[in-house]
Amino acid sequence: MVLAIAGTGRRREGKAFIRMVTIIILVLLVPLLLINLFFVAELVVGLPRGRQLEWRPPVGRTVIILPAHNEEQVIGRTLAALATACGEEFGILVVADNCSDRTAEEARGFAVSVAERQDVQRRGKGHALAFAREWLRADPPASVIVLDADCRTDRNSLRALAGASQQLRGPAQAINLLEPARSSGPLVQVSSFAFMIKNLVRQRGLQRLAGSVHLTGTGMALPWALFDKADLATSSIVEDVRLGIELARGGAHPRLIAEASVWSPHADQSHTLGQRSRWEGGYLALARTAAPALIARGLATVSLRFLVAGLDLMVPPLALLAMVNVVGLTCAVILAAIGVTEWLPALLLGGIGVAAAIVLLLTWWREGRAFLSPAALVRLPLYPLWKLPMYLKLARSGAPKQWQRTERPGQTDDGALPPIA
């Protein structure tokens, strides 16, 4: 009798211990579960294609600024296409920033303004934009549009961007995508697909949830009054995201302009990892400080806009999110299998993982088939493994510190780009 009572007591103590450990694990998993839930919600909200809007034509002069660092091989092709898109409506200013090649000479072969800047101590796109601002202050335009030196767009997109920024009196961001690369290897295709998720579907979701989006560096327009006062001169690798956050904090929330699109050439496989390392390293470093501040501001001021913006910044790049989820689920399953915890943490992580996989498949069907072939889609689970060395290097060395150009083949499969609705 005494032994039976003692055994029952030990079982109760064992169950109490398992329950306590389960509660601790669930508390630790709250941030990861919240990030995953927000990611799924943002994709679901961003999947529907909105109706096209009519923006008033821009008034006054708009100048397109092209920061260019050693872009001799592509600047001519970019300016030739841009001259056709601009017509007589837009001026063009090329900032040849810390160039060691013939970027400036190539640009001067076109009817554009060219400003050369040499300052090896202050490197980065932000410093190039600040230099362009000083150049333009003698005769300031009504608005400016920032484009990368290797991207392409069209006249309707330029007019929509400039007109929207003036009508809204705030920053306007075009849909910024990589050109489809279905003839390239699976890893390049998956990278382009992940880029589309970030800059199209999640941006649409963020716009609908928060009424604001991130600036992406190319295809962004600002009225001169905002550009003139913006904090531009930084060496941040993700100066575009940082600038958008700062403008939003000041009340000028960037708006996604679905009627405008900007396309950049994809990097080949040998350079894709380096490209992603620079951007993701800078993004993670910025998110680590900016996301908690935005969430705190949202809670303190009861502002859904800032709260959602902070949650969006907390969502890591797709491959890293997948890695963290797999590691978390594996640990939860092992702990439950050996009897340390209950199965609830594993079931929650597994359930949200299944939901994310379903939504990602819907996203591919809806928007991603132009970027990712079915053969490459089945290799999507291998994408995190390909990027694992990159994340290990970032963990050891931190984010890259300097703005560097990315080598790209500069060609699409057939020259045609899929429409964006």
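Based on this model, can you work out whether Arg305 counts as over 14 Å from Leu34 (Cα atoms), in contact (Cβ under 8 Å) with a residue 60 or more places away in the chain and in contact with a helix residue (DSSP H, G or I) (Cβ under 6 Å, 6 or more places away or on another chain)? Yes. Scoring Cys331 on the criteria (1) open to solvent by 30 Å² or more (accessible area, probe 1.4 Å); (2) over 27 Å from Phe17 (Cβ atoms); (3) at pLDDT 90 or above leaves a single failure, condition (2). Among the listed residues Leu187, Leu215, which satisfies the condition of being at pLDDT below 95, out of contact with any Lys or Arg (no Cβ under 7 Å at 6 or more places or on another chain) and under 26 Å from Ala128 (Cβ atoms)? Every option except Leu215 fails the conditions.
Gly46 - would you say it is out of contact with any strand residue (DSSP E or B) (no Cβ under 8 Å at 6 or more places or on another chain) and open to solvent by less than 20 Å² (accessible area, probe 1.4 Å)?
Values: out of contact with any strand residue (DSSP E or B) (no Cβ under 8 Å at 6 or more places or on another chain): yes; open to solvent by less than 20 Å² (accessible area, probe 1.4 Å): yes.
For Gly46, the condition - out of contact with any strand residue (DSSP E or B) (no Cβ under 8 Å at 6 or more places or on another chain) and open to solvent by less than 20 Å² (accessible area, probe 1.4 Å) - is met.
Residues of segment 233-255 that are in a loop (DSSP other than H, G, I, E, B) and open to solvent by 10 Å² or more (accessible area, probe 1.4 Å): Ala233, Thr234, Ser235, Ser236, Ile237, Gly250, Gly251, Ala252, His253.
Would you confirm whether any residue within segment 298-305 is of a type in the set (A, V, I, L, M) and surrounded by 17 or more Cβ atoms within 10 Å (Cβ to Cβ)?
First, the residues of segment 298-305 that are of a type in the set (A, V, I, L, M): 299-300, 302, 304.
Subsequent filtering for residues that are surrounded by 17 or more Cβ atoms within 10 Å (Cβ to Cβ) retains none.
So far as segment 298-305 goes, no, none of its residues is of a type in the set (A, V, I, L, M) and surrounded by 17 or more Cβ atoms within 10 Å (Cβ to Cβ).
Applying the selection to segment 59-111, what residues are aromatic (Phe, Trp, Tyr) and crowded, with 20+ Cβ neighbours inside 10 Å?
Pass one, segment 59-111, residues aromatic (Phe, Trp, Tyr): 90, 110.
Matches in segment 59-111: Phe90 only.
Screening Leu347 with (1) under 17 Å from Leu37 (Cβ atoms); (2) in contact (Cβ under 8 Å) with a residue 60 or more places away in the chain gives one miss only, at (2). For the list (1) in contact with a strand residue (DSSP E or B) (Cβ under 8 Å, 6 or more places away or on another chain); (2) farther than 19 Å from Lys125 by Cα, I need the number of the one condition that Val63 fails. For Val63, the exception is condition (2). Here segment 120-156 is the region considered, the condition is being small (Gly, Ala, Ser) and touching a Gly at 6+ places or on another chain (Cβ under 9 Å), and the residue that is least open to solvent (accessible area, probe 1.4 Å) is Ser143. The single condition among (1) of a type in the set (S, T, N, Q); (2) open to solvent by 70 Å² or more (accessible area, probe 1.4 Å); (3) closer than 22 Å to Val44 by Cα that Asn325 does not meet is (2).
The values are calculated or read from the model by the stated rules, or taken from the named source; none is laboratory data. Predicted, not measured: the structure shown is a model, and the values here were computed from it. With ideal geometry, Cβ positions are generated from the backbone for all residues, glycine too; neighbour counts draw on all protein chains shown. Side chains included, ligands, DNA and RNA excluded: accessible areas come from the protein's heavy atoms. Shrake-Rupley method; radii C 1.70, N 1.55, O 1.52, S 1.80 Å.
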